[in-house]
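Comments concern the structure below.
The values are calculated or read from the model by the stated rules, or taken from the named source; none is laboratory data. All values reported here derive from a predicted model rather than from experimental measurement. Glycine also receives a Cβ, built like all others from the backbone with ideal geometry; neighbour counts cover every protein chain displayed. These area figures cover heavy atoms from the full protein model, side chains too; ligands, DNA and RNA do not enter into them. Shrake-Rupley method; radii C 1.70, N 1.55, O 1.52, S 1.80 Å.
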Amino acid sequence: MRGCFPAPAVISGAASSTMTQIVLGSRRKKDPFEFSVCSSTSTCFALLIHKEHNQQSQIQRQRQRRRECVWFSERSKWKGGRSVGVALQVQQQQCTYESREDKEWVVVNFYHFVFIKDAEAEVAKHLSFLEGRDIRGRIYVNQQGINAQYSGPSRDALAYVEWLRGDERFSDILVQISAALNGHAFPKLKLRYKPSLVQLEGGISHLPLLDSSMRATPLTPSEWRKRLEAANTTSEASNKDLKTNQILLDVRNGYEWDIGHFNGARRPDVDCFRSTSFGLSQPEVIAADPLENVDKEKTDILMYCTGGIRCDVYSTILRQQGFQNLYTLKGGVSHYLENQGPAQWVGNLFVFDSRLSLPPPAYKPEAIAKPNRHEVSENNTFAQCYICGLQVSELRHRNCANLDCNLLYLCCMNCVKDLSGCCCLECTGAPRLRPVLPGFQRYKKWHIYRDTISQSKLIA
């Protein structure tokens, strides 16, 4: 957990059986010819001509925005007033034709397994398209596909999605979108070739990820919900057998479970996905392995993670180990929360960006247009302070103020104050201590604090 973050997992929700309406607009620049004083009659006449021309240009831009009104869904796309595929009937399908400008920021997540012959050339194409666009995040490409998690103004962020879907290899990607209330959720753009789309000990390039038969069977959010509701209902005797023959596997990190999980899921005993070893019969973890001694042919293994990629990857490993009945939650928890809400889910969802934690309502489509800055999950009685064990008031992690520790943990505000933002008494005496951040802000690079701390020591 000390600085351990896997590659981006798909976390936000847009493409589903319900259309999410998106308007791609351009920034409105200030009219350079709006002056209140003219130095001469000829100058005023010239300025009026320019202003009239500028107004005509604005009308043309508004018309262009109308043409750029785009709907995304799994089954249809609309663009430029022409439909492709089968349109779905949805309520409130009105296009506002207004530019979202730069005040509406989003985080976009998706992954897709597909053979890419020349991954380096593919990276170059993506870099070329994104040149001049305000995109930051992590986008990794290799011969097995793409894994992306990035933020930006909706115009730029969604233009990349539309461009990518123009390639038949990526035409059916499931895209997740959530609001970024404070602008960029990532410090910079990392778009490059990477041997592994997610980090796992031993790598994943040897796994049969391109063979869909080797991956788990994806369940839609509604199918997943029915499965969990049946397993968590104890009123009928028949469900005892269902619980015995079904295992709910949280394929995330332990600290992700700490702030939110599905009912019935055990806390993972790993603090970094790369060390996951469920079902591998390793002596040191057999006692804590929920897949140890299960019937590989009769037991249903239901796997879930934030966006789905970690489950897809790990399911191929379990398939090679002989597990027959493997199922994953399509689109991950983020896609589920968008479609089913918090049913069978408790707490918030951990995300791998500066937001750290999102409540279930953040994944509703309307949350993108009208986000609520104060929404937090009310069901957090399971979450405890790492230091004192008492219930925490908000489901959001913080890093230890000791730079050389950097532990990611849940903490109550009393312990934050008592230990100066550190996770333990030992860390309070460390040489490289960062200041206590108010609330749940994220630490920046060490050099931001180094000079300030050095000056404080000199004054003292």
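Key figures for this structure:
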read-out	value
Tally of residues being in a helix (DSSP H, G or I) and more than 30 Å from the chain's Cα centre (by Cα) across region 288-305	0
Check on residue 264, crowded, with 20+ Cβ neighbours inside 10 Å, at pLDDT 90 or above and of a type in the set (Gly, Ala, Ser)	no
Tabulated pairs, region 291-305, first in contact (Cβ under 8 Å) with a residue 40 or more places away in the chain, second part of a strand (DSSP E or B) and of a type in the set (S, T, N, Q), C-beta under 6 angstrom, 6+ apart or interchain	300/246; 300/325; 303/328
Given (1) part of a helix (DSSP H, G or I); (2) at pLDDT 85 or above, number of the condition residue 240 does not satisfy	(2)
Residue 209 vs. criteria open to solvent by less than 70 Å² (accessible area, probe 1.4 Å), touching a Phe, Trp or Tyr at 6+ places or on another chain (Cβ under 6 Å) and over 21 Å from residue 105 (Cα atoms)	yes
Some residue of region 433-449 being closer than 25 Å to residue 353 by Cβ, modelled with pLDDT under 75, part of a loop (DSSP other than H, G, I, E, B) and open to solvent by 100 Å² or more (accessible area, probe 1.4 Å)	yes
Residues of region 306-326 satisfying the condition of being of a type in the set (A, V, I, L, M, F, W, C) and either assigned to a strand (DSSP E or B) or under 11 Å from residue 251 (Cβ atoms) (or both)	309, 311, 313, 317, 318, 326
Flag for residue 204 being within 21 Å of residue 104 (Cβ to Cβ), at pLDDT below 95, open to solvent by less than 20 Å² (accessible area, probe 1.4 Å) and not aromatic (Phe, Trp, Tyr)	no
Subset tally (residues that are outside any loop (DSSP other than H, G, I, E, B), open to solvent by 50 Å² or more (accessible area, probe 1.4 Å) and not charged (D, E, K, R)) for region 384-427	4
So residue 347, is it touching a strand residue (DSSP E or B) at 6+ places or on another chain (Cβ under 7 Å), within 27 Å of residue 362 (Cβ to Cβ) and at pLDDT 95 or above	no
Index of the failed condition, residue 309 passing every other in (1) in contact with a Pro (Cβ under 6 Å, 6 or more places away or on another chain); (2) under 24 Å from residue 349 (Cβ atoms); (3) modelled with pLDDT of 95 or more	(1)
Tally of residues being among the aliphatic types (A, V, I, L, M), crowded, with 20+ Cβ neighbours inside 10 Å and in contact (Cβ under 8 Å) with a residue 60 or more places away in the chain across region 120-138	1
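Residue-by-condition table, conditions (1) touching a Ser or Thr at 6+ places or on another chain (Cβ under 9 Å); (2) crowded, with 19+ Cβ neighbours inside 10 Å:
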position	(1), (2)
146	no, yes
154	no, yes
157	yes, yes
168	no, no
172	no, no
177	yes, yes
188	no, no
